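Have a look at the structure below, then the notes.
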Amino acid sequence: MTSLQHVNPTVRGIRVSPQSALEGLAAHITQEITQGAQKPFHRVIDVSSGDPQKTGIKPISFVRQVLSVCMCPQLLKDKNLPLDVKQRAQRLLGACDGESVGSYSPSSGLLHVRECIAQFISRRDAGVPVCKKEIFISSGSQRALMVAVKILASGEGNTRTGVLTPTPCPHSLPMLMDEAGVKQVPYRLTEEPAWALDVSELHRAVKSSRGWCAPRAVYISNPGNPTGHVQDRKSIQEVIQFAAAERLLLLADEVYQDTVRGHHGGFVSYKKVLFEMGKEYSQTVQLISFHSLSNAFMRECGLRAGYMETVNVDPEVTHFIDTMLCTDISTPITGQLALEVMVDPPKPGEPSYCTFTQETLLVQAALSQNAQRACQFLNSLPGVSCQRAMGGIYLYPRLHLPWEFTEQAKVLEVEAQVLYCQKLLKEEGVLIGPGCQPGGTSANHHLRLCVLCPPDTLDEVLARLGSFHRRLMDGSSLCTRDRMDRDESQRSVTQHQWSDIRGGKAGKCLEDPQNWVM
């Protein structure tokens, strides 16, 4: 029988995010409410992750109508559906083997969808050339990133592949790097002003990595997750020049590209800037960029589709991208079809154009207003500071917590922001992501708050958060001496739970959520 000693060491080494355990606690509380338990709130609101439809954001009608017809072709005869919906569905079904969404696709994706993606990129980047053979569709941008990083992974000890990654970074990124078998080389973003990327920090990071790993790539999140920063041309040029000088592959995560707001010039892709810099860079710097169905205006997280485009990557290397995608057999067809709608939405004059435009603009306006309103509110709270987000769907406020609270966290051997999130969830029923990275420590404490939700939901979240935070700062939510003594008696249990989480055994911790320190 398989035992722990037989588990792949790389798998055992995957760090588990504290987010996972908090989600388990939220599920337990929700179950208690369903069973009639009395709580000071009637529901748990999850604004910790980028799943807008979970919070009540509605899907785009055109997307769902097209997919409905593709799933049930008899609807082609339905006179109530707009003509362009039926025409699009017919075109997409024609791109599928057997004209059925139940068929497989080539490992790199449906040819028609890849062609549409190529046309989208060329339009976005003002005519920059695109080759459909350099586009690979996968079950989400995270899967695409995993494939790209795994291809880089090699060596052992101080020759092991290193990837420069930002701090802060997407909460799942450390786990992805662990699974791929590479070392993270952190570079810090500058919180003030607005989480700027300073190229001198990249130089410091790559220099410090020499001797304990072999840096081979730099990962960029633009617009930033979870910081919401947006790079301008000058910043992107500096990163490209850095990558060229250090001979590093650029991994550009651009999944939030259509969420840029209040930023002069809007979103500019790494590929566009690369080609603007002339042949010295456009023909030599290797770039892989990523986009997703989940994080765009489509907001279809559950359909699982995304893509990557390779630039200046050796065809002998891209061959192995296709080889690795073959292990997936096929990216979900429905996700690929929705991806086609994302890159080729209804056009002016088509029956669905007005409704489509109205729905997308409504959500974009809500996101912009929510981000501004939440930022102002957070900055009004004692002990909280929040940088303005120019893109993305998160805010990343900093907590300046009372000494007593941070000491309590030290006693329990829990990150202070994780303890904050636990207490907030227990007392107010709001799930917010802790800012700490798996396996990392920091003297600064942050939270990750998704603001892509209905405005009334955000109102409720901010009201509950404000109530909890003011109690905490006033001292009424801090432990009394008796409570501290009681917590100390439970310390051995809590330490064991959190060592399980840090060691990748979160399941044991979640077996009995009642053991969580509240």
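Taken together, the values in this text are just the output of simple stated rules run on the coordinates, not laboratory data. Just so you know, these numbers come straight off a predicted model, no measurement behind them. Here Cβ is always computed from backbone atoms with ideal geometry, including for glycine, and neighbour counts include all displayed protein chains.
Points to keep in mind about this one:
- Radius of gyration, Dmax [segment 54-151; alpha carbons; angstrom]: 16.0, 50
- Cα-based Rg of segment 104-152 normalised by 2.2 N^0.38 Å, two decimals: 1.23
- Net +/- balance of residues flanking M308 in space, Cβ distance below 14 Å, scoring K and R +1, D and E -1: 0
- Mean Kyte hydropathy of -1.0 or more with a Cα span along the axis of at least 30 Å, helices from DSSP in the chain: 353-380
- Placing +1 on each Lys and Arg Cβ and -1 on each Asp and Glu Cβ, with no other charges, gives the chain a dipole about its Cα centre of roughly 220 debye.
- Peptides 112-122, 276-286 ranked from most to least packed, by the mean per-residue count of other Cβ atoms within 10 Å: 112-122, 276-286.
- When peptides 18-28, 161-171 are ranked by their average number of other Cβ atoms within 10 Å per residue, the highest-first order is 161-171, 18-28.
- Taking other residues whose beta carbon is less than 14 angstrom from the beta carbon of A26, and scoring Lys, Arg as +1 and Asp, Glu as -1, yields 0.
- Distance histogram for the chain (every C-alpha pair counted, 20 angstrom bins, percent rounded to whole numbers): 21, 54, 24, 1
- Taken over the Cα atoms of segment 84-220, the convex hull encloses 174 Å³ per residue.
- Ellipsoid semi-axes for segment 201-280, based on the Cα gyration tensor and the rule √(5λ), read 24, 16, 10 Å when sorted largest first.
- The chain: relative contact order as a whole-number percent, Cα under 8 Å and 6+ apart: 22
- Nearest-20 debye value, segment 372-463 charge dipole, Cβ charges on Lys, Arg, Asp, Glu: 300
- Using just its DSSP H runs of length 4 or more, each adding -39500 (n - 2.57), the chain gives a mean residue ellipticity at 222 nm of -14000 deg cm²/dmol after division by all residues.
- Descending semi-axes in Å of segment 257-395, equivalent ellipsoid built from Cα gyration tensor: 31, 23, 17
- Shown here are the Rg and Dmax of the Cα trace of segment 284-346, at 13.4, 37 Å.
- What separates the Cα centres of segment 349-377 and segment 400-430 is a distance of 35 Å.
- According to the Kirkwood relation over distinct C-alpha pairs, the hydrodynamic radius of segment 106-343 is 17.9 Å.
- Computed packing ranks the peptides 40-50, 125-135, 421-431 as 421-431, 40-50, 125-135, most packed first, by mean other Cβ atoms within 10 Å.
- Relative to the compact-globule estimate of 2.2 N^0.38 Å, the Cα radius of gyration of segment 2-47 comes out at 1.76.
- One quarter of the surface of the convex hull around the alpha-carbon atoms of segment 1-128 equals 16.1 nm², the direction-averaged projected area.
- 22 Å Cα-Cα threshold exceeded, pairs from K132/K272; K54/K271; K150/K183; K58/K272: K54/K271; K58/K272
- Between V199 and H400, the simple label model (points 7 Å from Cα in the Cβ direction) yields a spacing of 3.4 nm.
- For K86, a cut-off of 17 angstrom between C-alpha atoms picks up these lysines, skipping any fewer than 8 places away in its own chain: K77, K347.
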